[in-house]
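No lab work stands behind these numbers, since they all come straight from the coordinates. Small disclaimer: the values here were computed from a predicted structure and weren't measured. Quick reminder, even Gly has a Cβ in these numbers, built from the backbone with ideal geometry, and neighbours come from all protein chains shown.
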Amino acid sequence: MKKLWAKIDKPLFFITIILCIIGLLMVFSASSISAIHRYNKSITYFFIRQLIFIIASFVGGFIILHIKTGWYKKISWLLVIGIIVVLISLLAYGEITNHVQSWFYIPKTGFAIQPSEFAKSFIILFMAVYYNDLIKKRPDNIITYLIPLAIAFLIGLLILMQPDFGSAMILLAITFAIFISLPIEKGNLQKIILILGVGAVIVGLVLLYSGAEILNSDQMSRFNFRNPCQRYTEESGYQVCNGFIAINNGGLFGTGVGNSTQKYLYLPESHTDFIFPIFVEELGLISGIVVLLLYACLLYRLLKIAKGAYNLRNSIIAYGTFWLFAFHIIINLCGVLSLLPLTGVPLPLMSYGGSSTINFIGMLFLSQRVAIENNETKYKLELKKLTN
């Protein structure tokens with residue numbers, strides 16, 4: 001383990017630890033009232049569960065550090081086929097919570113699994129392995145470049161059918177961001193863009209004239225997201241306006257840890273989607289800015305790992321992780337600030353949630369594995385220069 005510790009990205013590791021600690025403390029504070037009055041649980045109910053999720057994630061993460069990224073070539077197809085099967089099963093057997101059929105509940109444990117969270121990471125891994133091999137071959141058949149996009153579209157469609165608009169859009173956005181960064185020859189790229197454009201028009205026309213209802217009325221109402229305090233009687237307006245009140249209450253330095261008033265059931269999702277307004281209310285705008293700077297540093301370290309990779313597979317893993325975090329941060333914060341519709345997207349490492357926490361930390365450790373391989377390859381190349 002000492003050898004691996006010397007090769008990991010230490011700033012990224014410590015930022016991960018700091019954000020997890022902040023998130024854990026805020027989950028305890030933000031959920032303390034709703035745990036008792038809304039869920040009839042103990043005051044530490046969500047805190048203990050989140051602690052379990054974090055510990056399990058780090059245990060799994062240290063295992064990931066010991067697995068070479070080349071090994072994922074053996075299971076990449078199995079992962080995407082498996083998640084497709086799971087998502088189809090979810091539509092038939094999943095539990096409906098908050099108008100969305102996104103969870104499998106594990107009997108007699110009180111825990112649930114949200115497959116759409118892991119789907120985002122599985123598509124990153126699949127694209128990393130697939131395009132690493134494909135780009136080396138430089139095939140003339142451009143259809144081979146589109147296979148991961150077709151798989152991602154199918155997974156996104158299955159998630160949309162739950163319906164979970166936020167997760168579906170993030171998965172497709174990650175896929176597109178990775179794809180446009182690929183070193184594809186200019187001639188092939190133009191053909192691919194043309195095919196994608198025609199495909200998008202066809203899909204749009206089919207949806208337009210089929211009369212299919214992709215989102216339910218509750219989710220459609222969230223697209224009316226401007227001026228939330230003038231729509232206080234609407235669910236989206238009510239939540240966002242109370243988020244504004246929380247941020248305003250906090251001022252520069254906050255009301256003090258545990259002293260939030262908005263967590264008293266004014267914000268029903270105070271420990272999940274709206275944890276950032278509670279954080280600002282209790283610790284102030286300055287602390288909120290510090291958290292944003294921590295996120296910026298985390299994203300910078302991921303980009304640095306991606307750029308330092310010596311093969312396309314590892315670069316895509318770190319780059320995909322960058323976009324996984326970036327899209328979640330942007331969509332969550334813009335949602336609570338009424339700049340985008342609310343989509344139920346968690347804030348990485350801070351919001352309560354088992355599947356999301358395990359997935360985020362797992363991908364950070366996978367990126368750390370990329371950093372380890374970057375350093376190992378760099379050392380071998382430098383040693384080779386010295387011996388020549």
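When the label point is put 7 Å from the Cα of residue 109 along its Cα-to-beta-carbon vector, which residues of region 44-82 have a backbone N closer than 18 Å? Inside the label zone: 46-61. Only lysines eight or more places from residue 120 in sequence, or on another chain, were considered; those with a Cα closer than 19 Å are 73, 74.
The string of couplings for region 302-318 from the Karplus curve (6.51, -1.76, 1.60, θ = phi - 60°) is 5, 5, 5, 5, 4, 6, x, 6, 9, 9, 5, 4, 5, 5, 5, 4, 5 Hz, one whole number per residue in order, with x for Gly and Pro.
Under conditions of 37 °C and 0.692 mPa s, region 257-388 yields 198 µm² s⁻¹ as its translational diffusion coefficient, taking Rh as the Kirkwood radius over Cα pairs in the Stokes-Einstein equation. 3J(HN,Hα) couplings calculated from phi for region 276-293 with the Karplus curve 6.51 cos²θ - 1.76 cosθ + 1.60 (θ = phi - 60°) are, in sequence order, 5, x, 5, 4, 5, 4, 8, 10, x, 4, 4, 5, x, 5, 4, 5, 4, 5 Hz; Gly and Pro show x.
For the pair residue 21 and residue 379 in one chain, pulling the backbone fully straight at 0.36 nm per residue adds 125.5 nm over the alpha carbon distance. Using a cutoff of 8 angstrom between alpha carbon atoms and counting only pairs six or more residues apart, the relative contact order for region 2-387 works out to 27 percent. Couplings 3J(HN,Hα) for region 326-341, derived from phi with the Karplus relation 6.51 cos²θ - 1.76 cosθ + 1.60 (θ = phi - 60°), are 4, 5, 5, 5, 5, 5, 5, 5, 5, x, 6, 9, 6, 9, 9, x Hz, where x marks Gly and Pro. In plain terms, the chain is cut at each of the chymotrypsin sites (Phe, Trp or Tyr not before Pro) found in a DSSP loop with at most 15 other Cβ atoms within 10 Å, and the longest leftover piece is 112-222. Extension gain, residue 77-residue 91: 0.36 nm per intervening residue step, less the Cα-Cα distance, totals 2.9 nm. At full extension, residue 185 and residue 99 could sit 26.5 nm farther apart than now, given 0.36 nm per residue minus the alpha carbon distance.
By the Cβ distance rule (another cysteine Cβ under 4.7 Å), the unpaired cysteines of the chain are 20, 297, 334. With r as the distance between the Cβ atoms of residue 387 and residue 337 and R0 = 41 Å, compute the FRET efficiency 1/(1 + (r/R0)^6) and round to 0.05. Computed FRET efficiency for residue 337 and residue 387: 0.15. Amide H contacts under 5 Å for residue 308: none, restricted to partners 5 or more places along the chain or on a different chain, H placed in the peptide plane at 1.01 Å from N. Among rounded, prolate and oblate, which fits region 2-387 when a ≥ b ≥ c are the square roots of the eigenvalues of its C-alpha gyration tensor, a/c under 1.5 means rounded, and a/b larger than b/c means prolate? Cα axes put region 2-387 in the oblate bin.
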